[in-house]
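Structure, as structure tokens:
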Amino acid sequence: MIKRTLFVLSIALLASSCDTLSNLVTSVYSEPTEAEIGSGLKSALEIGISKGSDALSQVDGYFKSPYKILLPAEARNVTAKLKNVPGFSDLENIILEKINRGAEDAAKKAKPIFVSAITEITFSDALNILMGQPDAATQYLQQKTNEQLYQEFNPVIVESLDKFQARKVWSDAVAVYNKIPLINKANPDLGDYVTREALKGMFGMVAKEEQNIRTNVSARTSDLLRKVFAKQDKK
């Protein structure tokens, strides 16, 4: 009698486990709704933003990475002309490090700005993004939010550049450079250039993480991400 009871209980538990497994499989592999696709894409972008801002905000996150901010051609003209001027012989290396340190410092404050922008993505665009190019979500985010992000990010960059005295060093150098006869005057303001380059780096990191989630199943760290991107895998 006891053996029979245990057998019945075992069958019941096995059936229950099978039902649970079946429900889990159905949940993960069933067709995601538009709302789930939208939520999944926002989640993927938030992961990319978090990893991107965390990586870029480290010391040398910009300065010794593929996203290093280089001097524009105009600035290199200035540094080349001033190499033989006392006090400015190593200007290019000094200003390069300072602008990248400023971008790294500003990246610490980037996450909430970007995450706020992600919430503006509409569900109506979600399916097209999911089934689009490997960086479709990043492209969408950049097209929709780049200028808005610039307006919010630029003061942060300027503040960080000033923290490392990057703008003062550059302004002093340009003041000397602009006194040279018969040259095109240089713009003493680096804020706009560094802001746009810093944003390019941030979007580059987001695109990298988006591609990782699209192509690497193990990077899909939740049932929602697995369910949403399983649809993309079938295209």
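The values are calculated or read from the model by the stated rules, or taken from the named source; none is laboratory data. Keep in mind that what you see is a predicted model, and the values were worked out from it rather than measured. FYI the Cβ positions are ideal-geometry reconstructions off the backbone, even for glycines, and counts take in every protein chain you see. Accessible surface areas use protein heavy atoms only, side chains included; no ligands, DNA or RNA. Shrake-Rupley method; radii C 1.70, N 1.55, O 1.52, S 1.80 Å.
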Counted residues, the range 43-101 - those being of a type in the set (Asp, Glu) and either open to solvent by less than 10 Å² (accessible area, probe 1.4 Å) or touching a Ser or Thr at 6+ places or on another chain (Cβ under 6 Å) (or both):
1
Closer than 18 Å to residue 142 by Cα, among the basic types (Lys, Arg) and touching a residue at least 40 places away in the same chain (Cβ under 8 Å): does that describe residue 235?
no
Only one of (1) open to solvent by less than 70 Å² (accessible area, probe 1.4 Å); (2) part of a helix (DSSP H, G or I); (3) touching a helix residue (DSSP H, G or I) at 6+ places or on another chain (Cβ under 6 Å) is not met by residue 152, so which one is it?
(1)
Any chance the range 128-141 includes a residue that's open to solvent by 70 Å² or more (accessible area, probe 1.4 Å), under 14 Å from the mean Cα position of the chain (by Cα) and not small (Gly, Ala, Ser)?
yes
Scan the range 68-96 and report the pairs whose first residue is modelled with pLDDT under 75 and whose second residue is of a type in the set (Lys, Arg), with Cβ atoms within less than 8 Å and a gap of 6+ or a chain change.
none
Here are some conditions: (1) among the hydrophobic types (A, V, I, L, M, F, W, C); (2) exposed (fewer than 15 other Cβ atoms within 10 Å of the Cβ); (3) at pLDDT below 80. Residue 180 meets all but one. Which one does it not meet?
(3)
Acidic (Asp, Glu), open to solvent by 30 Å² or more (accessible area, probe 1.4 Å) and in contact (Cβ under 8 Å) with a residue 12 or more places away in the chain: is that true of residue 159 in this structure?
yes
